[in-house]
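The structure appears right after this line, and notes come after that.
The values are calculated or read from the model by the stated rules, or taken from the named source; none is laboratory data. Quick caveat: nothing in here was measured; it's all calculated off a predicted structure. For neighbour counting, all protein chains shown are included, and Cβ atoms are generated from backbone atoms with ideal geometry for every residue, glycine included.
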Amino acid sequence: MTPAMDGLPLASEFPPATREQWRKLVDKVLKGAPFETLTARTADGIAIEALSERARNAQPVVGRTPGTPWRVMQRIDHPDPAASNADALHELENGATGLSLVFAGSPGARGFGLEASAATLGPVLQDVHLDAGISIELELSAQAADAPRLFADLLRQRGTAPAATDIRFAIAPLGAMLASGVVTRRWEEIAPDFARTLIDLVGLGFKGPFAVADSRILHDAGAAEAQELGTMLAVALTYLRTLEAHGVPLDAARRMVFFRMSADADQFLTMAKLRALRKLWSRVEEACGLTPEPIIISAHTAWRMMTRRDPHVNILRGTIAAAAAGLGGADAITVLPFTLALGLPDRMARRIARNTQLILLEESYLANVADPAAGSGSIEDLTQKLCVSGWAFFQEIEQAGGAWPAFEQGLVQRKIAETRAARQAAVKHGREPLVGTTIFANPKDVPAQVLDVAPAAAPSWPADAARIEALLPMRLAEPFE
């Protein structure tokens, strides 16, 4: 506990409280039980203290421009181009400020998504004015590798200047291999094409960013927060090194990369994770001899927390996750529709996903304060501990030779598999409850409605393709469904 805060006149009417006084009151309640029983731990083993001192000298973590709202992104994933176009126009007319174009076979497709072809992309974006200030974010697959060129062709046909658009291409070759386990070509062979693609997009006039370090693949597989952070740093640094090796100055290369993260229903841990990523990447920039600049973070509510039973509880989980991402400084947020685990969401589920964010922005004003967690003893402590643990995991990956060698060796996959098993055991034994599934289950639960669209078949791969251990997505509720 701390003395009364400056600028709070009412607080001065009460005598200062001390930590010792608080401890005495807590000891009475514990009745002899060890005080350490009040300390929680994350999946990384990071201690979360029962009470943390106020961080008086803390500075806000610099993210999006103070007072500006994050981008309200909506998934466009119906395989029928006309239906997706209707969804896109409806979302933009009703408050969305960005579209996440989900291509079939991408890690976030969940069985649906767009075909990557000119015959699909043009109709999907019919009457969508790409130069009107909206954001577009791509969710690519190996089968959609040509999507950036298709975008460039579409803009040329429309006479739209690439520089007037806000498109995050989200090219992620390392992430794609980690998600699928399929290695059609080794990273050493892919790297020149990767760099050339980004350089060509710059030459066409696109602003970027172009490549993404995507932690959703890790989070979907059960990873802990420090494992996400360390792996993201290693992947982003690999992209940075590749671009520099192909003649791109580091100052320009860093602006070509952005980050995509999962936000889940652990509010404070999610806020701390986003803040820690910004601080860690600033450290990488300093090590590269650069003056740190704010990075772009696109947050998506987590797949692994979604349930099929009592799916309306997913609305609550998504709200907490979206609030945490916004308070943690995300630049763009995508809320998964609450019925996504059941099938392709209908218009009502999509509306709730969109309005969740609009209420947080327009009625709760969550974007009005820059880094509201700054100075909070608990979140500052957790942010710092995540920085230490995330950096340690990053160094372990670097000692293995970097992201690609660590993936080839299975280092990252083994670590995450251990965490996944421990997390699943915690759910099984009730230490990590799932409301509506493992506790407070509704015996009269009626499944929510979804569209009558069959999931697409999984992509096929050459029989002789090389393999690495894949990080497969899971939902914690699956064993109970």
Checking the conditions here, which among GLU244, GLU225 is acidic (Asp, Glu), surrounded by 18 or more Cβ atoms within 10 Å (Cβ to Cβ) and at pLDDT 95 or above?
GLU225
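Condition check ((1) crowded, with 24+ Cβ neighbours inside 10 Å; (2) not charged (D, E, K, R)) across all residues:
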| residue | (1), (2) |
| --- | --- |
| HIS300 | yes, yes |
| ALA325 | yes, yes |
| GLY329 | yes, yes |
| VAL335 | yes, yes |
| LEU342 | no, yes |
| LEU360 | no, yes |
| GLY375 | no, yes |
| GLU396 | no, no |
So LEU101 fits all but one of (1) within 23 Å of the chain's Cα centre (by Cα); (2) not in a strand (DSSP E or B); what number is the exception?
(2)
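Do we find that VAL412 is buried (at least 17 other Cβ atoms within 10 Å of the Cβ) and in contact with a Pro (Cβ under 9 Å, 6 or more places away or on another chain) in this structure? Even if it seems obvious, please write down each step before you answer.
Working: buried (at least 17 other Cβ atoms within 10 Å of the Cβ): yes; in contact with a Pro (Cβ under 9 Å, 6 or more places away or on another chain): no.
The answer is no for VAL412.
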Log entry, pairs with first residue in the range 228-239 being within 10 Å of VAL257 (Cα to Cα) and modelled with pLDDT of 95 or more, second being part of a helix (DSSP H, G or I) and of a type in the set (Lys, Arg), beta carbons closer than 9 Å, six or more apart or on different chains, reads ALA236/ARG254
Any residue in the range 235-250 that is polar (S, T, N, Q), part of a helix (DSSP H, G or I), touching a helix residue (DSSP H, G or I) at 6+ places or on another chain (Cβ under 6 Å) and within 26 Å of SER141 (Cα to Cα)?
yes
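Here is a yes/no grid of residues against (1) modelled with pLDDT of 95 or more; (2) touching a Lys or Arg at 6+ places or on another chain (Cβ under 7 Å); (3) of a type outside the set (A, V, I, L, M, F, W, C):
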{"site": "GLN74", "(1), (2), (3)": "yes, yes, yes"}
{"site": "PRO81", "(1), (2), (3)": "yes, no, yes"}
{"site": "SER84", "(1), (2), (3)": "yes, no, yes"}
{"site": "LEU101", "(1), (2), (3)": "yes, no, no"}
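Identify, from the list ALA163, ALA191, the residue that is in contact (Cβ under 8 Å) with a residue 40 or more places away in the chain, touching a Ser or Thr at 6+ places or on another chain (Cβ under 6 Å) and either of a type outside the set (Val, Ile, Thr) or not in a strand (DSSP E or B) (or both).
ALA191
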Considering only residues that are in contact (Cβ under 8 Å) with a residue 60 or more places away in the chain, exposed (fewer than 14 other Cβ atoms within 10 Å of the Cβ) and among the charged types (D, E, K, R), which ones fall in the range 453-479?
ARG467
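Do we find that PRO66 is more than 21 Å from ASP166 (Cα to Cα) and either at pLDDT below 95 or over 21 Å from the mean Cα position of the chain (by Cα) (or both) in this structure?
For PRO66, the condition - more than 21 Å from ASP166 (Cα to Cα) and either at pLDDT below 95 or over 21 Å from the mean Cα position of the chain (by Cα) (or both) - is not met.
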What pairs come out if I take residues in the range 50-65 that are without any contact (Cβ under 8 Å) to a residue 40 or more places away in the chain and surrounded by 14 or more Cβ atoms within 10 Å (Cβ to Cβ) and pair them with residues that are in a loop (DSSP other than H, G, I, E, B) and not aliphatic (A, V, I, L, M) whose C-beta lies under 7 Å away, six or more apart or interchain?
ALA50/THR39
Name the single residue, out of those in the range 176-188 being out of contact with any strand residue (DSSP E or B) (no Cβ under 7 Å at 6 or more places or on another chain) and assigned to a helix (DSSP H, G or I), that is farthest from GLU228 (Cα to Cα).
GLU188
